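Enquirer: Right, I'll just put the structure down here and ask away after.
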Amino acid sequence: MKKLVKIVSWLFAVGSIVLIAGVFYIYAVMVPSLPSIEHLEDAQYQVPLRVYDQNEILLAEFGEHRRIPVRFDKIPRYLIDAVVAVEDDQFWTHHGINFFALGAAAWELVTTGKKTRGGSTITMQVARNFFLSPDKTYRRKFNEILLALKIEGELSKEKIMELYLNKIFLGHRAYGISAASQVYYDKNLEDLTLAQAAMIAGLPKAPSKYNPIANPERALIRRNYILSRMRILNYIDEEEFKTALNEPVTAELYATRTIANAQYVSELVRAQLFEQYGDEVYKAGLKVYTTIDGELQQIANDALRRALLDYNRRHGYRGVVDNIDLADVTDDPFEEDLVTDERIGGLRKGIVVSINEAVPVSPPVDGGEIPEGEEVPMTPASATVMISNFEQIEVPFVGGIDWAAKFIDVDNKGDEPQLVGDVLAVGDVIWLERRDGQWLLADVPRIEGALVSINPSNGGIQAMVGGFDYFKNKFNRATQARRQPGSNFKPFIYSAALERGYTAASIINDAPVVFDDDSLEATWRPENYSGRFYGPTRLREALVKSRNLVSIRILQSMGLRYAINYIQRFGFDREHLPYDLSLALGSGTFSPLQMVRGYAVFSNGGYLINPYVINRVESGTGEVIFQNNPMTVCQGCESDNLDALTAADNAAAEVEAVALESDDAETPADPSGETLTVAGGIAYDEPASQYAPRVISAQNAYIMRSMLREVVQRGTAVRAKVLGRDDIGGKTGTTNDQIDAWFSGYNDQVVTTTWVGFDNQRSMGNGETGSRAALPMWIDYMRHALDGRPENLLEQPPGLVTIRIDAETGERAGVDTRASLFEVFRVDNAPREVAVVKSTTTDSGGFIVTVPEREEEIVEDIF
């Protein structure tokens, strides 16, 4: 007996020592080493970067974790009850540890060697999710218990529940209940039904095993179990229980809901922020508010896609995607992976299931023949096509299929089809377009395009599309492609001419010319697009009709140095302006964004703005960490820098004049490597003022706007008259062999540039000019962009006069003038009442120079 007492005493002493040592170790070593939980009160979750439009509507999000943090008071009570019922029914009463559940789990592990039940409370899961690794070790479990006790001692139950519900992973990149509600039901939390809330509550234990998308049957069993637990715990009554129990599984996989397809511009934003913040940008919860108008962005997408699909239809059908044997189809072919349910640029795939040729509606009632001269009524021909989910649609032959003559090359196609069967057969897999409520046969375009639209008063980008489909090709042609603008560049040449002393009435000879120029490496014989020559032409008429030879003669007369220096006022880089006369025809290379910036100068009355897309950036807590303050147009507020610009341009012209004289009238060397003060050297990127700098005079801008309006009213952009507005102007552009097609146009509130072409710079085919390929895209977009905006014809600035002139000579009209019209002039350049002049002919280049007898009369060159 004494021996037993001694053994028990010895064991008790050892146990006490071990217990004391353990307690000491816990409080002296483990507790101090526990992480601080202070930051849990203001926990920072891994929240993706979100990009919003100007109306704060979501455009895109970037990041691995799709999470939308939500406060406890915004969470529906029945969702909280569902989670408590299945995860921790003692949550509201325990102090972080459920000793009964923990003991039961430990006993099961000891007696069976298996772990089938969990002993972790919600508080312990919070500790694990925020502070500990997923490694399953006894030390980690013990730390989890200690942290749970610590958390319970410092945070409220409501805060612990909020942390848990925002942190947990619920499958398909959804972290937190709010994200799960969007992913599976496309709903806000408050709109979930009881059954849907129970389905989400069943996900934390095994997001894959109980996933309603991957395993709907198992998910349904789990949901019903949770509902029964809620009934047992009296969280719901019998009626609610039965109603929820009978509700079918309605979960689907929903993508992030956005107002528009804005991947190109969103990627531009992401790249800018990644350059500044690195990988943190994907999990810091930054919110980026942009200048994009979400509704206009979607209109821009549709306009570009329609233009490229219309180009496809003009050049013929390249053929079906595939053909499958429908006899082998026993289920939805899109589910069986016989056909991928692919979507590209709004197009989707379908399978032809029947061909329905036109047949007579019915024979004559009396059985006789149709009277001579009358047409037999026919049923409309069509193809019946199956799309996903066994849905069948009709594609009409007329308007939907009849365009599909066989593509041969960009200039040739096969015979026009007469029957549906000439194009399609049963089992064909085809691309489909939904347009204006009707299904059309389509083909994924090989050609590409771009559209960029900005606010001319501050440079804010309102819409940007960089191609037919971002996921097909991520290259952003609106900002990254440098293409020749062709005649789209001419307005900048003409603006330079006006500043150099030309007027809109100056006469230039549209006649053949040959240049043997070393800088062009060959003899150059430029010609007009039509191949014709029109003789003496007024400068305004030359721009309206896009006369190439006139543009070249103007540039040659001004001098390349002067023109290149002047054109840099519009924001163009010197390195992309070729130092030869082909510059007059747009042989430089620029992006659509650069072109739209240049046209904004005409739109806003002469000011250079900087295009931008980010308005402000907020941290995950709502703190503004970046606020853009763009340079804005303010009439009369700008610093007077025009004199400096003009002086620099004139200096360049004088240098060129000296060079011409000393080099025996040869073209001077390219000055790009010389030290010369030029307009482009003025620092616009880091302005000292909040106001955009004036780069051309108000008078110059007004005359250019009046000429560009006529391009729309009666020139190469006459198609734009369909908009029914008098305040829009612009210019088409087409490069050699129809490789590039452009249109840039504006009113005083919106400036937009569109471009169409192949990435490999091959010909688009005969007739694919700017007015045919690019202008329709601009019209479709601007029809909506200008909707509701008033027409504003800007007032004529001081220093200009309107005079009636002779339409043939450009001189002031007299009483005997047969054809006259009104023209706008600078006061200093206006034709005089009496024009007494004598003419002399130079020996150089066959130029006829009109030399005035009086100082105040202007000099006009006739080429």
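The values are calculated or read from the model by the stated rules, or taken from the named source; none is laboratory data. Since we're looking at a predicted model, the values are computed, not measured. We place every Cβ from the backbone using ideal geometry, glycine too, and count neighbours over all the protein chains shown. Calculation scope for accessible area: heavy atoms of the full protein, side chains included, ligands and nucleic acids excluded. Shrake-Rupley method; radii C 1.70, N 1.55, O 1.52, S 1.80 Å.
Enquirer: Hey, could you check segment 164-207 for residues that are among the polar types (S, T, N, Q) and under 25 Å from Thr123 (Cβ atoms) and say which is most open to solvent (accessible area, probe 1.4 Å)?
Expert: Looking at the filtered set, the residue picked out is Ser178.
Enquirer: Any chance segment 524-539 includes a residue that's more than 19 Å from Met707 (Cα to Cα), of a type outside the set (Ser, Thr, Tyr) and touching a residue at least 40 places away in the same chain (Cβ under 8 Å)?
Expert: Yes - at least one qualifying residue is present in segment 524-539.
Enquirer: Taking only segment 702-748 into account, find how many residues are open to solvent by 40 Å² or more (accessible area, probe 1.4 Å), in contact (Cβ under 8 Å) with a residue 60 or more places away in the chain, within 24 Å of Gly605 (Cα to Cα) and of a type outside the set (Val, Ile, Thr).
Expert: Residues flagged as open to solvent by 40 Å² or more (accessible area, probe 1.4 Å), in contact (Cβ under 8 Å) with a residue 60 or more places away in the chain, within 24 Å of Gly605 (Cα to Cα) and of a type outside the set (Val, Ile, Thr) within segment 702-748 amount to 4.
Enquirer: Residues that are open to solvent by 40 Å² or more (accessible area, probe 1.4 Å), at pLDDT below 95, over 21 Å from Met704 (Cβ atoms) and assigned to a helix (DSSP H, G or I): does segment 772-791 have at least one?
Expert: No, the conditions are met nowhere in segment 772-791.
Enquirer: Still on this model: Would you check if Ala505 is in a loop (DSSP other than H, G, I, E, B), within 16 Å of the chain's Cα centre (by Cα), surrounded by 21 or more Cβ atoms within 10 Å (Cβ to Cβ) and not acidic (Asp, Glu)?
Expert: no
Enquirer: Return the total of residues in segment 411-430 being more than 36 Å from the chain's Cα centre (by Cα), under 24 Å from Asp332 (Cα atoms) and outside any loop (DSSP other than H, G, I, E, B).
Expert: Final tally of qualifying residues: 0.
Enquirer: Hey, among the residues in segment 470-489 that are within 10 Å of the chain's Cα centre (by Cα) and farther than 21 Å from Phe602 by Cα, which one's most open to solvent (accessible area, probe 1.4 Å)?
Expert: Ranking the candidates gives Tyr470 first.
Enquirer: Being closer than 30 Å to Gln196 by Cα and β-branched (Val, Ile, Thr) is the filter; apply it to segment 248-286 and report the residue that is surrounded by the most Cβ atoms within 10 Å (Cβ to Cβ).
Expert: Thr258
Enquirer: Another one. Just one of Asp402, Asp436, Asp443 is at pLDDT below 95 and within 33 Å of the chain's Cα centre (by Cα); which is it?
Expert: Asp436
Enquirer: Right, here's the next one. Go through segment 379-418 and report how many residues are under 19 Å from Glu768 (Cβ atoms), charged (D, E, K, R) and touching a Ser or Thr at 6+ places or on another chain (Cβ under 9 Å).
Expert: 1
Enquirer: For segment 291-306, what are the residues that are open to solvent by 10 Å² or more (accessible area, probe 1.4 Å) and not polar (S, T, N, Q)?
Expert: Asp293, Glu295, Leu296, Ile299, Asp302, Arg305, Arg306
Enquirer: Report yes if some residue within segment 321-338 is open to solvent by less than 40 Å² (accessible area, probe 1.4 Å) and under 21 Å from the mean Cα position of the chain (by Cα); otherwise report no.
Expert: Looking for residues that are open to solvent by less than 40 Å² (accessible area, probe 1.4 Å) and under 21 Å from the mean Cα position of the chain (by Cα), one finds none in segment 321-338, hence no.
Enquirer: Then there's this: Looking only at segment 560-592, which residues are crowded, with 22+ Cβ neighbours inside 10 Å, touching a residue at least 60 places away in the same chain (Cβ under 8 Å) and of a type in the set (A, V, I, L, M, F, W, C)?
Expert: Leu560, Ala563, Ile564, Ile567, Phe570, Leu581, Ala584, Leu585, Phe590
Enquirer: Okay, moving on. Report yes if Pro578 is farther than 25 Å from Arg709 by Cα, in contact with a Ser or Thr (Cβ under 6 Å, 6 or more places away or on another chain) and not in a helix (DSSP H, G or I), otherwise no.
Expert: It is true that Pro578 is farther than 25 Å from Arg709 by Cα, in contact with a Ser or Thr (Cβ under 6 Å, 6 or more places away or on another chain) and not in a helix (DSSP H, G or I).
Enquirer: Turning to a different aspect of this structure: Residues of segment 229-256 being in a helix (DSSP H, G or I) and closer than 17 Å to Arg77 by Cα, which ones?
Expert: Listed by number, the residues that qualify are Arg229, Met230, Arg231, Ile232, Glu240, Phe241, Ala244.
Enquirer: Tell me, yes or no, whether segment 62-72 has at least one residue that is closer than 19 Å to Pro207 by Cβ, touching a helix residue (DSSP H, G or I) at 6+ places or on another chain (Cβ under 7 Å) and of a type in the set (Lys, Arg).
Expert: Yes: segment 62-72 contains one or more residues that are closer than 19 Å to Pro207 by Cβ, touching a helix residue (DSSP H, G or I) at 6+ places or on another chain (Cβ under 7 Å) and of a type in the set (Lys, Arg).
Results for (1) in contact with a Phe, Trp or Tyr (Cβ under 6 Å, 6 or more places away or on another chain); (2) over 25 Å from Thr769 (Cβ atoms); (3) open to solvent by 10 Å² or more (accessible area, probe 1.4 Å); (4) not hydroxyl-bearing (Ser, Thr, Tyr), shown as yes or no for each residue.
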{"site": "Ala496", "(1), (2), (3), (4)": "yes, no, no, yes"}
{"site": "Ala511", "(1), (2), (3), (4)": "yes, no, yes, yes"}
{"site": "Asp516", "(1), (2), (3), (4)": "no, yes, yes, yes"}
{"site": "Trp524", "(1), (2), (3), (4)": "yes, no, yes, yes"}
{"site": "Ile554", "(1), (2), (3), (4)": "no, no, no, yes"}
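Enquirer: Name the pairs whose Cβ atoms lie under 6 Å apart, with the first residue in segment 380-406 and in contact (Cβ under 8 Å) with a residue 60 or more places away in the chain, the second hydrophobic (A, V, I, L, M, F, W, C), and 6 or more positions between them or separate chains?
Expert: Ala404/Val423; Ala404/Leu441
To keep it simple, each residue is scored yes or no on (1) closer than 24 Å to Val750 by Cβ; (2) touching a Pro at 6+ places or on another chain (Cβ under 7 Å).
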| residue | (1), (2) |
| --- | --- |
| Glu541 | no, no |
| Lys545 | no, no |
| Ile552 | no, yes |
| Met558 | no, no |
| Tyr562 | no, no |
| Ser591 | yes, no |
| Met595 | yes, yes |
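Enquirer: Just need a number here: residues in segment 805-823 that are assigned to a strand (DSSP E or B), over 25 Å from Phe602 (Cβ atoms) and of a type outside the set (Ser, Thr, Tyr).
Expert: Final tally of qualifying residues: 2.
Enquirer: Right, another one. For segment 407-447, enumerate the residues that are within 21 Å of Arg314 (Cβ to Cβ), in contact with a helix residue (DSSP H, G or I) (Cβ under 7 Å, 6 or more places away or on another chain) and open to solvent by less than 10 Å² (accessible area, probe 1.4 Å).
Expert: Answer for segment 407-447, where residues must be within 21 Å of Arg314 (Cβ to Cβ), in contact with a helix residue (DSSP H, G or I) (Cβ under 7 Å, 6 or more places away or on another chain) and open to solvent by less than 10 Å² (accessible area, probe 1.4 Å): Ala442, Pro445, Ile447.
Enquirer: Determine, yes or no, whether Asn211 is in a loop (DSSP other than H, G, I, E, B), open to solvent by less than 80 Å² (accessible area, probe 1.4 Å) and within 17 Å of Ala82 (Cβ to Cβ).
Expert: yes
Enquirer: Please find, among Gln44, Gln54, the residue that is surrounded by 11 or more Cβ atoms within 10 Å (Cβ to Cβ) and modelled with pLDDT of 85 or more.
Expert: So the residue among Gln44, Gln54 that is surrounded by 11 or more Cβ atoms within 10 Å (Cβ to Cβ) and modelled with pLDDT of 85 or more is Gln54.
Enquirer: For segment 633-642, check the following and say yes or no: at least one residue is without any contact (Cβ under 8 Å) to a residue 24 or more places away in the chain and hydrophobic (A, V, I, L, M, F, W, C).
Expert: Taking every residue of segment 633-642 in turn, none turns out to be without any contact (Cβ under 8 Å) to a residue 24 or more places away in the chain and hydrophobic (A, V, I, L, M, F, W, C).
Enquirer: For segment 57-72, how many residues are open to solvent by 60 Å² or more (accessible area, probe 1.4 Å) and either within 15 Å of Val265 (Cα to Cα) or free of Cβ contacts under 8 Å to residues at least 24 places away in the same chain (or both)?
Expert: Matching residues across segment 57-72 total 1.
For (1) modelled with pLDDT of 90 or more; (2) on the phi > 0 side of the Ramachandran plot; (3) of a type in the set (A, V, I, L, M), each residue gets a yes or a no:
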site: Phe274; (1), (2), (3): yes, no, no
site: Leu286; (1), (2), (3): yes, no, yes
site: Leu304; (1), (2), (3): yes, no, yes
site: Asn312; (1), (2), (3): yes, no, no
site: Glu335; (1), (2), (3): no, no, no
site: Gly368; (1), (2), (3): no, no, no
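Enquirer: Sticking with this one: How do the pairs read when you match residues in segment 234-263 that are touching a residue at least 12 places away in the same chain (Cβ under 8 Å) with residues anywhere that are open to solvent by 50 Å² or more (accessible area, probe 1.4 Å) and of a type in the set (A, V, I, L, M), using Cβ under 6 Å and keeping only pairs 6 or more apart or on different chains?
Expert: Sorted first by the residue in segment 234-263, then by its partner, the pairs are Val249/Leu220; Leu253/Ile213; Ile259/Ile57.
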